[in-house]
Amino acid sequence: MDRNSATGLFLISALLLVYLFFFSPKKEDAKAPGKTPPPTAAATAPAATPAVVAAIAPEAALDTAAISGAAVQDVAVSNENLDITFSTRGGRVAAVRLKKYKTFFGQPLYLFDAKSARMDTRFRTIDGKTIKFSDLVFQPTTSQAANGASVITFTAPVAGGSVVQTYTLPKDSYELSYNLRLNGLERTVAQEPLVFTFIDQVRQTEQDLAQNRTHTTINHYLAAGGLELAEASDNPEEYKAMGPVKWAAHKHNFFVAGIIADQQPFAGGAFNSNVNLADSTTIKTLSSTLTIPVNEVVQGRGQYRFFFGPNSLNLLKDVTPEFDRNVTLGWGLFRWVNRFVVLPVFHFLEQYITSYGIIIALLVLLIKLVTWPLTYKTYESQARMKVLKPEIDALKEKYGDDATKVQQETMKLYQTFGVSPLAGCVPTILTLPILFAMFQFFPNAIELRQESFLWAKDLSSYDVFVKLPFYVKWYGDHVSMFTLLMTASTLLMTWQSNQTNTAMQGPMKTYSYLMPIIFLFVLNSFAAGLTWYYFVSNVITFGQQALTKAFVDDTKIRAQLDANKIKNKDKKPSGIQGRIAEAMKAAQEREAQAKKKQS
């Protein structure tokens, strides 16, 4: 590894560290964060923040004197994907269980239940009274549509009219249609929007509490076409929609609870995300408030849909425009790489291969084959620099401590022999989009969730080969074997490179060994799929290097460089090299003038 390649490695590593700093899950400083299973669904709900206590208070805490109608009861409906429990108090969705999924700890996966979440709607009458659906007991009526869908209608008398809520659950869907109508209340209801609230105390469902918490957030899409993706972080957030809202979604790492307006959009929205790092029962409290145009529900046009399901791109892309953006695949070019390159390859291979560890290995192989021309250019550039080493050493010996002169003459040497010092870096930089895309893909792809491979129980989370009896800051309380293998193979690759390229000297040589050690700590709690990917990548790189040596012959390269020397004998530097040479020459002249003034 020559000096220019080392400089490129330094820049790439710096970019990677910056990327990890901004986009990796924030680790907590507790002695063992997120390492104990959450309580079962029967556990007592934790205390909420003062702003939301009233909205999520237990059923028994409500003023029963204000409740009209019969006794409160639960009504359950199911299809192939969902078990949904409704409460006649408020005629609301009280609990949702995803039948095809379980938590990392083997428990049934409830997206939310009556103790962790609460939906409610309220409106005002022209005489100033506020009527909450949660203060009403609705009468349920169940039926079945011709297409096999389950239909449940909740009706409650109020203010001389009635509130009618109709839910329709298809046989094989994750969507729940919702129709809201205020019958006979045209002259009673005030001409102001109804207010729908959804408060969700999200519980831990994944192994890594920090990742589970960081990736839990609220996203919404404006009717005018603006997508608002909340930042993935542990910080409390509170913001309002900048216009009418088409949909809003509570994203739980790998799952989504969302509501979509099918006809008229919500008039507005306000969203809040609260975090209590000391609470291991509730990883984050999400709150969405949406305003419903009153004319829509009075005239029976209040058509909405709930989506309760996995955060899968193939599933979400057909729900409503931009709903698939709830799947975190990175931004800009990185998302494009994941969506149109990585995921299609994954979905193709999983038709024939059941092991996702093998699929990842084949993905690495395919990427290495596609990028081999770029990799070959890097190896070829390193070989050219190696052949030119005697000339470069001669310049250093000739000009001694005059670093500026050495650099200037070195650039002339490169120009004479037709060598670009950036040729080894550019191909590597061109592969960076794939590198960064992988950091977003592996911890967010539901395809990898709870997929085991070797000792890893879940490729979307870190692998635990050894559990430590203590917590090490910046490292964790476990040993990830895939991370160790990745680090060991990277160190071996670095040692091998330094043995064959003696141009690496001093601090740069030390730095080349330091970076793998840094990533040992950085990546110990990253997705096992990612560290397995890079370990396989290193192994394939060893094979590529051995194979490339058969094609990169130093004698032929020397002959080519000598031919370039004759060809470029009277050619002036141009392009980047020319500008660098001019800059160095100007610097040398300024330095000479400064020395002249001092003397």
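Throughout, read-outs are computed from the coordinates displayed, never taken from laboratory work. All values derive from a computational prediction rather than experimental measurement. Positions of Cβ are generated from backbone atoms using ideal geometry, with glycine treated the same way; all protein chains shown enter the neighbour counts.
Table for the structure above
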{"quantity": "Tensor-based shape of the stretch 326-461 (alpha-carbon gyration tensor, a/c under 1.5 rounded, otherwise prolate or oblate)", "calculated": "prolate"}
{"quantity": "Set of the stretch 363-403 residues, backbone N closer than 20 Å to the point 7 Å along the Cα-Cβ line of VAL539", "calculated": "363-372"}
{"quantity": "Length added when fully stretched, ALA190-TYR511, from 0.36 nm per residue minus Cα-Cα", "calculated": "108.6 nm"}
{"quantity": "Environment charge of VAL479, counting only residues whose C-beta is closer than 10 Å and scoring Lys/Arg +1, Asp/Glu -1", "calculated": "-1"}
{"quantity": "For THR216, residues with placed amide H under 5 Å, excluding near neighbours", "calculated": "ASN253"}
{"quantity": "Local electrostatic count at LEU136 - Lys and Arg +1, Asp and Glu -1, tallied over other residues with Cβ under 11 Å", "calculated": "+2"}
{"quantity": "Amide H within-cut-off set for THR205, under 5 Å, with H built and near neighbours excluded", "calculated": "none"}
{"quantity": "Three semi-axes of the equivalent ellipsoid, the stretch 202-301, Cα gyration tensor, whole Å, largest first", "calculated": "28, 12, 11"}
{"quantity": "Once the Cα gyration tensor of the stretch 50-328 is diagonalised, semi-axes √(5λ) in Å", "calculated": "28, 21, 20"}
{"quantity": "Lys pairs under 23 Å by Cα in the stretch 50-328, provided they are eight or more residues apart or on distinct chains", "calculated": "22"}
{"quantity": "Chain lengthening between ASP393 and LEU227 when straightened (0.36 nm per residue, less Cα-Cα)", "calculated": "54.1 nm"}
{"quantity": "Proximal charge balance of VAL327 [Cβ under 15 Å; K/R count +1, D/E count -1]", "calculated": "+2"}
{"quantity": "Chain lengthening between LYS549 and ASP127 when straightened (0.36 nm per residue, less Cα-Cα)", "calculated": "143.3 nm"}
{"quantity": "At 0.692 mPa s and 37 °C, Stokes diffusion of the stretch 289-372 via Kirkwood alpha-carbon radius, µm² per second", "calculated": "204 µm²/s"}
